[in-house]
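This report concerns only the one structure given below.
The values are calculated or read from the model by the stated rules, or taken from the named source; none is laboratory data. Here the structure is a predicted model, which means the values were calculated and not measured. No Cβ is skipped: glycine too gets one built from the backbone with ideal geometry, and neighbour counts run over all protein chains shown.
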C-alpha cells in the first residue's frame, strides 16, 4: 500500500505564507485534484510533496509498501511533470526514450516503435526535441511519466499545452496507467479536474 500524509504543511517566503497548515492524505488507486486560483500555492504544494522544495513547517510521511521512505530518497518513487520541468532539447526522441529508462524503468516492456505509435509521433525519432512544439514536448513528458514504474505521479497543469485531441489522448493514457498509483493533479482547468476523484481547493490569498 502506498500513501502520503501531509501534516500542517506550510511554506513561507519572507512574511507571506504560500501554503499554510495544509493537511491531507493520499492513497494509491486514487486520482486527487488540487484546485485553486493562480497564486493559491498549487505548484508550491506539488514541489513540497515531490521533495523538490523543503517546507517551512509541517511534515510529509511517505509509505511505500511496508517501508517509510525518507524525503531525500522519495525522488526514486515519483514521476513529475510540470511547467518547470522539461525534456533535454539536444536529444532526439529515441535518445530521450533510451536515456529516461536509465533512471526510471517502464511498468511494462515497450519497444521504441511501440512507444512512438502510442504517443502518435511516428516518423519523428531522428528529430532533435528543440524542433518539437510545446504540445509535443508535453505529450512526451506525460507519456514517460505515466509509463514509468513509479507509485507516485505528480502532474502540475498537465494539459496546459495540449489541444483537444491530445487532451483525450492524455485522458486515455491516465485511465490505462494510473492503476496502483497515487496520482495528484494540480490545476485550475476543468478538463484536468474532471479526471479526479477527490478534489481539494486551496484558499485564495488574502
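Quick check on my filter: what residues within the stretch 67-84 are surrounded by 15 or more Cβ atoms within 10 Å (Cβ to Cβ), touching a helix residue (DSSP H, G or I) at 6+ places or on another chain (Cβ under 8 Å) and part of a loop (DSSP other than H, G, I, E, B)?
Scanning the stretch 67-84 gives a single hit, 82.
For the stretch 13-41, how many residues meet the condition of being out of contact with any strand residue (DSSP E or B) (no Cβ under 7 Å at 6 or more places or on another chain) and in contact (Cβ under 8 Å) with a residue 24 or more places away in the chain? Even if it seems obvious, please write down each step before you answer.
Let us first name the residues in the stretch 13-41 that are out of contact with any strand residue (DSSP E or B) (no Cβ under 7 Å at 6 or more places or on another chain), namely 13-16, 29, 37-40.
This time we only want the ones that are in contact (Cβ under 8 Å) with a residue 24 or more places away in the chain, so: 16, 29, 37-40.
Total satisfying the criteria: 6.
Quick check on the stretch 126-178: of everything there that is touching a helix residue (DSSP H, G or I) at 6+ places or on another chain (Cβ under 7 Å), assigned to a helix (DSSP H, G or I) and in contact (Cβ under 8 Å) with a residue 60 or more places away in the chain, which residue is nearest to residue 43 (Cα to Cα)?
Only one residue fits best here, namely 142.
Tally up the residues in the stretch 65-79 that are more than 19 Å from the chain's Cα centre (by Cα), under 21 Å from residue 9 (Cβ atoms) and touching a residue at least 12 places away in the same chain (Cβ under 8 Å), please.
Just the residues of the stretch 65-79 that are more than 19 Å from the chain's Cα centre (by Cα), to begin with: 65-68, 70.
From what is left, the residues that are under 21 Å from residue 9 (Cβ atoms) are 68, 70.
Checking the rest, the ones that are also touching a residue at least 12 places away in the same chain (Cβ under 8 Å) come to none.
The total comes to 0.
Here is a yes/no grid of residues against (1) surrounded by 12 or more Cβ atoms within 10 Å (Cβ to Cβ); (2) at pLDDT below 95; (3) more than 20 Å from residue 158 (Cβ to Cβ):
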{"position": "33", "(1), (2), (3)": "yes, no, no"}
{"position": "39", "(1), (2), (3)": "yes, yes, no"}
{"position": "45", "(1), (2), (3)": "yes, no, no"}
{"position": "52", "(1), (2), (3)": "yes, yes, no"}
{"position": "58", "(1), (2), (3)": "yes, no, yes"}
{"position": "61", "(1), (2), (3)": "yes, no, yes"}
{"position": "91", "(1), (2), (3)": "yes, no, yes"}
{"position": "106", "(1), (2), (3)": "yes, no, no"}
